[in-house]
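Report on the structure given below.
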Amino acid sequence: MSYDPPVQAAENVFLGTGTDVNWVLLRDGRDLTLIDGGYPGDLAAVVASIRAVGHRPEDVRAILVTHAHVDHLGAVNPFHARFGTPVHLAEAEVPHARREYLQQLTPGRLLAQLHRPGVLPWTFRILRAGATRDVAAPHALPFASAGALDLPGAPVPVPTPGHTSGHTAYFVPSAGAVVTGDSLITGHAVSRRRGPQLIAPWFNHGDDAEIVAALDALERLDADTVLPGHGPVHHGSIRAAIADLRT
């Protein structure tokens, strides 16, 4: 099976795409940081994206996760089982990754949206990609320290709760790039809009105040490249993009 190669969004920063979802590779010499891991069925595509930038899966020093939904955890357990790759999330999101609780789109909430354009074909695609598989990661750990992480790319966790309780974006100051997960996306199979936007509210598990606060946190970053959890790379000031959303 062929896979689309990752897009180079900035120097040593790459966006890979799977089943209507993205992941990010940060490169530093022979080492990589993987941010998010697609659906379980996207594992081969994650590996292919790593090889496409001239690396091996065992070059991934750690997997960072924006949030513990199934479409972002797919590569976590296979990488940990085969290579011992550690996975880190915000402390508030660790119990979610371990499945001590679950903030996931429920079948009932999904059924209520099937009348919307694009939802039914999207549902079939994600089911084929493993949307109902158990991806609990009991080995998930919180960040080892505050501030920039001692990992390739030196990403800085930015708390952005709202989509889930412990959702986190990752700022890469050296590249002026921010990995926004689902706190700010640029497109989605169930959205007719293109460009920076909020994910459909029926995907979220926080309240409106948290969603707005997450935008406030992103707006403070000096970033001109946005790598979202869904949709293409956005080149342009994140501050301007969020200002447009507010109007």
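The values are calculated or read from the model by the stated rules, or taken from the named source; none is laboratory data. Treat the numbers as computed from the prediction; the structure is a model and nothing was measured. FYI the Cβ positions are ideal-geometry reconstructions off the backbone, even for glycines, and counts take in every protein chain you see. Protein only, heavy atoms only, side chains kept; ligands, DNA and RNA dropped before computing areas. Shrake-Rupley method; radii C 1.70, N 1.55, O 1.52, S 1.80 Å.
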Charge-dipole axis of the range 108-198 as Lys and Arg at +1 and Asp and Glu at -1 on Cβ define it, positive-most pick from 152, 164, 127: 127
Alpha-carbon centroids, the range 194-209 and the range 103-168: separation in whole Å: 13 Å
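What is the magnitude of the charge dipole of the range 45-119 about its Cα centre, with +1 placed on the Cβ of each Lys and Arg, -1 on the Cβ of each Asp and Glu, and no other charges, expressed in debye to the nearest 20?
200 debye
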D (Stokes-Einstein, µm²/s), Kirkwood Cα radius, the range 1-62, 0.692 mPa s at 37 °C: 290 µm²/s
Cβ-placed point charges (K, R +1; D, E -1), dipole of the chain about Cα centre in debye, nearest 20: 700 debye
Peptides 90-97, 35-42 ordered by average Cβ neighbours within 10 Å, highest first: 35-42, 90-97
Mean accessible surface per residue for the range 148-234, computed with a 1.4 Å probe while every protein chain stays in place, in Å²: 37 Å²
Overall form of the range 154-202 per C-alpha gyration tensor (a/c, 1.5; a/b vs b/c): oblate
Cα coordinate range in the chain, projected on the principal axes (Å, largest first): 46, 37, 35
